[in-house]
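Undergrad: Structure incoming, see below.
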Amino acid sequence: MAKKTVKDLELKDKKVLVRVDFNVPLKDGVITDDNRIVAALPTIEYIVEQGGKAILFSHLGRVKTEEDKEGKSLAPVAARLGELLGKEVTFVPETRGEVLETAIANMKDGDVLVFENTRFEDIDGKKESGNDAELGKYWASLGDVFVNDAFGTAHRAHASNVGIASNLETAAGFLMEKEIEFIGGAVDAPKRPFVAILGGAKVSDKIGVIENLIDKADKILIGGGMSYTFMTAQGKEVGLSLVEKDKVELAKELLEKAGDKLVLPVDFGVTKEFADIPATYVAEIPADQESLDIGPKTIELYTELLQGAKTVVWNGPMGVFEMSNYAKGTIGVCEAIANLEDATTIIGGGDSAAAAIQLGYADKFSHISTGGGASLEYLEGKKLPGVEAISEK
Ligand code: ADP
Ligand code: MG
């Protein structure tokens, strides 16, 4: 990788600032899912093992007013981190000032400290999310080097990622490194054939991704709710299925541009009622019914088109997988990807990742991206400010 990683840094005796993603779900002060804390452990443990002083920080939720602070402290996260690491973690309920500076000055090699929610700095004047130059400089002054391991916020230039990075030597943590390697790798230099599978609810959410991948992928297989806007553009009957009328013209243009690269479903799981009841499978959607999934012939076709692929990017479920009767298309595609040999397979997209995990395919993919918005923008071919700001090797 052209960017520095934590392994390229001299860490012994160093104050290592680490931007982590500790934006975990909390209910009444209790963490309901600690996956993001667990995911950050390899980078933190590596810094500790190397004798660095790990100074960790993250945003947590949205904080715009003084009242928003309620329930958004990182205190419970620091406590959970201590349990997971099996060592003491100091929590400082401040984002700046003497108390924080003294606590950092008192750290010994291998110590771990967490300071307060970076978005508490947004209350007077959006200093964190507006990438206030003073704040970035101040946070940078607290450390010797900077490790950014928060891919989920890499599509935003905030003081806690880009601001610090413009003042300090910066490296990617292990999580960030994996995202750059897999998603960046697929977009910039995919091994071919490169097949993209795009689905989900709306065309409008994915226009940028489709446009970018029309240029880069060898095949684009379409499923999910976006299919019907494309089919409407082709003049086909879609019944009561989801259509974005204001995107039909655009869908026409995309179809023309993509030619036979873009493949649409050939059969459908339809229903008269939006409920978890068995689908009827048809090649043509009846006018009084709604399609909520791709059918078995489409699964067969997509499985065939995936054969021999060396890079596969999947973004967006093939149907309303939340209802088991309409999860078959998504399962079929997961199965086809899981059976590929020698392919780099990547999921980008929050609901697709949730689907793969829920349906039991999580360990069948080379990489499941942790950043919904960030991975989408990365797949759109955009430069992510948080990634760009990492020092070159
Ligand atoms: P991701 O988060 O992976 O990018 P999206 O947010 O674009 O995915 O889309 C996920 C949603 O799309 C799911 O909640 C799913 O129910 C919905 N969806 C998929 N197929 C259809 C369909 N045929 N009709 C309506 N909604 C659909
Ligand atoms: Mg989504």
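We did not get these values from a lab; they are worked out from the coordinates using the rules stated. Since the model is a prediction, treat every value here as computed from it, not as a measurement. In this analysis, Cβ positions are derived from the backbone assuming ideal geometry, glycine residues included, and neighbour counts consider all displayed protein chains.
Undergrad: Please work out the Cα center distance from the stretch 34-71 to the stretch 191-233, rounded to the nearest Å.
TA: Here the answer is 35 Å between Cα centres.
Undergrad: At 222 nm, what helix-only mean residue ellipticity would the chain give, in deg cm²/dmol to the nearest 500, using -39500 (n - 2.57) for each DSSP H run of four or more?
TA: Computed mean residue ellipticity for the chain: -9000 deg cm²/dmol.
Undergrad: Next up: Fewest to most neighbouring Cβ within 10 Å: what's the order for 14, 236? Before the final figure, lay out each step's value.
TA: Values: 14 18, 236 13.
Result, fewest neighbours first: 236, 14.
Undergrad: Can you give me the angle between helix 75-85 and the longest principal axis of the chain, using Cα atoms only, in degrees from 0 to 90, rounded to the nearest 10?
TA: So the inclination is approximately 90 degrees.
Undergrad: Divide, for the stretch 143-224, the radius of gyration over alpha carbons by 2.2 N^0.38 Å, where N is the residue count.
TA: 1.38
Undergrad: Continuing with the same structure: Roughly speaking, what is the centre-to-centre gap between the stretch 319-393 and the stretch 143-167 when only Cα atoms are used, to the nearest Å?
TA: Cα centroid to Cα centroid, the span is 24 Å.
Undergrad: Determine, for 90, 232, the number of other Cβ atoms within 10 Å of each Cβ, and report the residues in order from fewest to most.
TA: Details: 90 16, 232 19.
The order, fewest Cβ neighbours first, is 90, 232.
Undergrad: Here is a follow-up. In whole Å, what are the Cα extents of the stretch 339-393 along the three principal axes, biggest one first?
TA: Extents along the principal axes: 36, 25, 17 Å.
Undergrad: How big is Rg to Rh over the chain, alpha-carbon atoms, Rh as the Kirkwood inverse-mean-distance radius?
TA: 1.03
Undergrad: On to the next question. With the alpha-carbon atoms as the only input, what is the per residue convex hull volume for the stretch 190-379 in Å³?
TA: Details: hull volume 19.2 nm³, N = 190.
Per-residue hull volume (Cα only) is 101 Å³.
Undergrad: Just to confirm a number: summing +1 for Lys and Arg and -1 for Asp and Glu over residues other than residue 307 whose beta-carbon lies under 14 angstrom from that of residue 307, what do you get?
TA: -3
Undergrad: Work through the residues other than residue 94 whose Cβ is under 13 Å from its Cβ and net out their charges, Lys, Arg +1 and Asp, Glu -1.
TA: -2
Undergrad: Using the Cα gyration tensor of the stretch 6-176, with a ≥ b ≥ c the square roots of its eigenvalues, what is the shape: rounded (a/c below 1.5), prolate (a/b larger than b/c) or oblate (neither)?
TA: Verdict is rounded for the stretch 6-176.
Undergrad: Further question: Name the most mobile residue of 56, 221, 359, meaning the one with the largest mean-square fluctuation, in a Gaussian network model of the chain with Cα contacts below 10 Å.
TA: 359
Undergrad: How tilted is helix 248-258 with respect to the longest principal axis of the chain? Cα atoms for both, answer in degrees (0 to 90, nearest 10).
TA: Value to nearest ten degrees: 90.
Undergrad: Can you compute the FRET efficiency between residue 211 and residue 191 using 1/(1 + (r/R0)^6), with r the Cβ-Cβ distance and R0 = 25 Å? Round to the nearest 0.05.
TA: 0.70
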